1. Against the condition surrounded by 10 or more Cβ atoms within 10 Å (Cβ to Cβ), of a type in the set (A, V, I, L, M) and touching a residue at least 24 places away in the same chain (Cβ under 8 Å), how does Val22 come out, does it pass?
2. So if I check each of Ala9, Ala14, Ala21, which one is in contact with a helix residue (DSSP H, G or I) (Cβ under 9 Å, 6 or more places away or on another chain), within 27 Å of Leu71 (Cα to Cα) and hydrophobic (A, V, I, L, M, F, W, C)?
3. Give segment 77-92 a look and list any residue that's closer than 30 Å to Ile3 by Cβ, of a type outside the set (Val, Ile, Thr) and exposed (fewer than 11 other Cβ atoms within 10 Å of the Cβ), or say none.
4. Within the group Leu49, Leu5, Leu37, which residue is in contact with a Pro (Cβ under 8 Å, 6 or more places away or on another chain) and not acidic (Asp, Glu)?
5. Within the set of pairs 6+ apart or on separate chains, which have a first residue in segment 67-92 that is of a type outside the set (A, V, I, L, M, F, W, C), a second that is assigned to a helix (DSSP H, G or I), and C-beta atoms under 7 Å apart?
Amino acid sequence: MDIRLLWLAVGTFAIGVESFAVPSLLPQIADSTGVSLTRAGYLVIAFALANAFGSPVLAALTGTADRRRTLTITALLFSLRAIGAAFSRGYF
């Protein structure tokens, strides 16, 4: 098996797990940040809207760029943002 496909699968799995893990953790997120469950639920909506509108825009803007480089950069940015969110102390 090609090692590049393995890394692609790992990255896809990580992004998918994060998108499905947040809804199940909403009560804990709401408690730890001191906001209502409804307000914490807006995190799921924000994630879905960012993917729905950001993906086609990013594809159009990077249409001529190297796909591997674009995928690597966006995966790294996603990872850095996820780490930053893990260490945040509040809702905003």
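1. Values: surrounded by 10 or more Cβ atoms within 10 Å (Cβ to Cβ): yes; of a type in the set (A, V, I, L, M): yes; touching a residue at least 24 places away in the same chain (Cβ under 8 Å): yes.
Judged against the criteria, Val22 is a match.
2. On the way: Ala9 fails: in contact with a helix residue (DSSP H, G or I) (Cβ under 9 Å, 6 or more places away or on another chain); Ala21 fails: in contact with a helix residue (DSSP H, G or I) (Cβ under 9 Å, 6 or more places away or on another chain).
Only one candidate passes the filter, namely Ala14.
3. Looking only at segment 77-92, we keep the residues that are closer than 30 Å to Ile3 by Cβ, and these are 77-86.
Remaining after also requiring of a type outside the set (Val, Ile, Thr): 77-82, 84-86.
Matches in segment 77-92: Leu77, Leu80, Arg81, Gly84, Ala86.
4. Within the list Leu49, Leu5, Leu37, the selection yields Leu37.
5. Matching pairs, first to second residue: Gly90/Thr33; Tyr91/Thr33.
No value in this document is a laboratory result; all are computed from the given coordinates. Fair warning: this is a prediction, and the values are worked out from it, not measured in the lab. Every residue, glycine as well, gets a Cβ built from its backbone with ideal geometry; the counts of neighbours run over all protein chains shown.
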